[in-house]
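Everything below concerns the one structure shown next.
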Amino acid sequence: MILVTGGAGFIGANFVLDWLAAGDEPVLNLDALTYAGNLENLASLRGDARHVFVQGDICDRALVARLLAEHRPRAIVHFAAESHVDRSIHGPGAFVRTNVEGTFTLLEAARAYWSVLTGAEQEDFRFLHVSTDEVYGTLGADDPPFTETTPYAPNSPYSASKAASDHLVRAWHHTYGLPVLTTNCSNNYGPYQFPEKLIPLVIANALAGKPLPIYGDGLNVRDWLYVGDHCAAIREVLARGRLGETYNVGGWNEMPNLEIVRTICALLDEARPDPAGPYERLITYVTDRPGHDRRYAIDARKIERELGWRPAETFATGIRRTVAWYLANQDWVAHVHSGAYREWITANYAGRGAPA
Ligand code: NAD
Ligand code: DAU
């Protein structure tokens with residue numbers, strides 16, 4: 001069994017679904033079900049004994065210790081976090097609590113658990129920390145992409161809290177020998193992403209005829225990776241990554257935000273033409289995000305060279321799949337907007353244990 005934290009969120013849920021589609025090793029899923037946690041993402045696992053869900057907080061040391069002792073996972077894959085930059089600007093406290101204190105709590109519980117394992121169980125144990133490229137700060141137009149040795153220079157409360165968590169993970173390896181691995185990935189997109197992030201927000205707003213907000217001049221650049229490719233990278237790092245190492249994960253796919261939004265509009269024009277006119281008419285420039293990082297870019301050669309990982313999707317194929325998914329799953333978006341996904345949780349899960 002593996003313990004996944006944050007497995008009801010966007011990437012965590014995709015990871016759990018992919019993991020159980022690829023094999024039979026069970027998943028213990030610990031998630032606090034904040035606004036970003038949505039068990040409807042895991043509806044297809046209802047009644048599947050391989051998925052054990054526990055609603056709980058990674059800051060709850062006693063709970064984490066009990067889960068480790070009871071379920072004896074061979075690895076922890078740590079996704080749980082506050083993940084949205086704009087929210088971190090308005091309320092940084094939750095980011096420090098979950099991302100810093102929560103990671104610290106998990107590391108301490110993992111260290112206590114791991115230190116009393118013996119033989120192969122101890123040797124094989126892994127703590128994989130899922131992190132972000134935002135810890136490296138911002139790039140100028142001509143700077144080379146981030147490598148694993150780029151100095152940390154986080155600029156938002158979110159990225160600062162993730163940077164702090166990365167440092168804790170590193171220190172627990174160097175000081176205590178905890179067998180850790182860290183991945184630093186670029187912007188993910190795909191099914192089940194909460195519609196506060198750029199891509200699902202633009203799809204949902206366009207279909208609702210609402211403005212498509214572009215921060216600043218729309219020329220900030222991100223590297224985009226399809227979520228399934230990120231999940232595959234995490235599986236590779238877990239299986240064969242070198243202990244104590246960090247791996248950058250990215251799609252070699254830098255694009256300005258405006259181009260992303262125009263691409264989505266064009267796909268929607270094709271799939272669901274709006275009688276009122278092309279969706280681009282809804283593009284609206286709004287006040288920029290404070291401290292908005294100009295450019296992120298990932299040099300993913302280390303994971304490619306060492307582990308043979310490569311993204312399966314190009315942006316053209318991944319964004320087409322993603323737009324198709326949101327069109328086919330408008331109920332999912334509607335439930336998020338109406339808050340009905342919270343009721344779905346109460347109706348379908350008894351708070352703890354396997355889905356009913
Ligand atoms: P998300 O916001 O969609 O999901 C986060 C999940 O963590 C939710 O299910 C939430 O309920 C849970 N959670 C939050 N606080 C918790 C707590 N205290 N205890 C237990 N569970 C808690 O996030 P995401 O986009 O899926 O990101 C997952 C991880 O990947 C994060 O660590 C994030 O920093 C990292 N990451 C995200 C991206 C991206 O583009 N989304 C890119 C690189 C790295
Ligand atoms: O780089 C990895 C990071 O990517 C992850 O660590 C974060 O968890 C994830 O949220 C994401 O951060 P970003 O801030 O890059 O993602 P977001 O979708 O919020 O914004 C993407 C870009 O689009 C960014 O330059 C801001 C811009 N934007 C965003 C929104 C929500 C807009 O122009 N308009 C918007 O309405």
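The values are calculated or read from the model by the stated rules, or taken from the named source; none is laboratory data. On a predicted model such as this, the values are computed, not experimentally measured, just so you know. Methodologically, a virtual Cβ is constructed for each residue, glycine included, from the backbone with ideal geometry; neighbour enumeration extends over all protein chains shown. Accessible surface is based on the protein model in full, side chains and every heavy atom, while ligands, DNA and RNA are left aside. Shrake-Rupley method; radii C 1.70, N 1.55, O 1.52, S 1.80 Å.
At 1.4 Å probe radius, can you tell me the per residue accessible area of the stretch 165-231 in Å²?
Per-residue accessible area for the stretch 165-231 comes out at 29 Å².
Give me the net charge of residue 50's neighbourhood, meaning all other residues with Cβ under 9 Å from the Cβ of residue 50; Lys, Arg count +1, Asp, Glu -1. Mind dumping the intermediate values first?
Values: positive: none; negative: 24, 25, 48.
It works out to a net charge of -3.
What percentage of the solvent-accessible surface of the chain, computed with a 1.4 Å probe over protein heavy atoms, is contributed by carbon and sulfur atoms? Write down the numbers at each step before the final one.
Working: 7660 of 14310 Å².
Of the solvent-accessible surface of the chain, carbon and sulfur hold 54 percent.
What's the long-distance tail for the stretch 2-77, i.e. % of Cα pairs beyond 15 Å?
On the way: 1408 of 2850 pairs.
Of all Cα-Cα distances in the stretch 2-77, 49 percent exceed 15 Å.
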Provide Rg over Rh for the stretch 60-168; use the alpha carbon set for both Rg and the Kirkwood Rh (inverse mean inverse pair distance). 1.06
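With a 1.4 Å probe and all protein chains left in place, how much accessible area per residue does the stretch 1-77 have, in Å²?
Numbers: 2490 Å² over 77 residues.
On a per-residue basis, the stretch 1-77 sits at 32 Å².
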Sequence-separation-based contact order of the chain, relative, with Cα cut under 8 Å and 6+ spacing, percent: 20 percent
Please report the spacing between the Cα centers of the stretch 72-105 and the stretch 248-286 in Å, no decimals. 30 Å
Work out how far the C-alpha atoms of the stretch 216-263 reach from end to end along every principal axis, then list the three figures in whole Å, largest first. 42, 20, 14
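Kirkwood hydrodynamic radius of the stretch 203-356 from all distinct Cα pairs, in Å?
Details: mean 1/r = 0.0545 Å⁻¹.
Result for the stretch 203-356 stands at 18.3 Å.
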Past the 31 angstrom mark, what percentage of all C-alpha to C-alpha distances in the chain do you count? 32 percent
So what is the diffusion coefficient of the stretch 38-122 in µm² per second by Stokes-Einstein at 25 °C and 0.890 mPa s, using a Kirkwood Rh over Cα pairs? 166 µm²/s
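What percentage of all Cα-Cα pairs in the stretch 143-280 are separated by more than 24 Å? Write down the numbers at each step before the final one.
Working: 4102 of 9453 pairs.
The calculated P(r) of the stretch 143-280 puts 43 percent of pairs beyond 24 Å.
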For the stretch 121-168, what size does the Cα cloud have along each of its three principal axes, sorted from largest down, in whole Å? 47, 23, 13
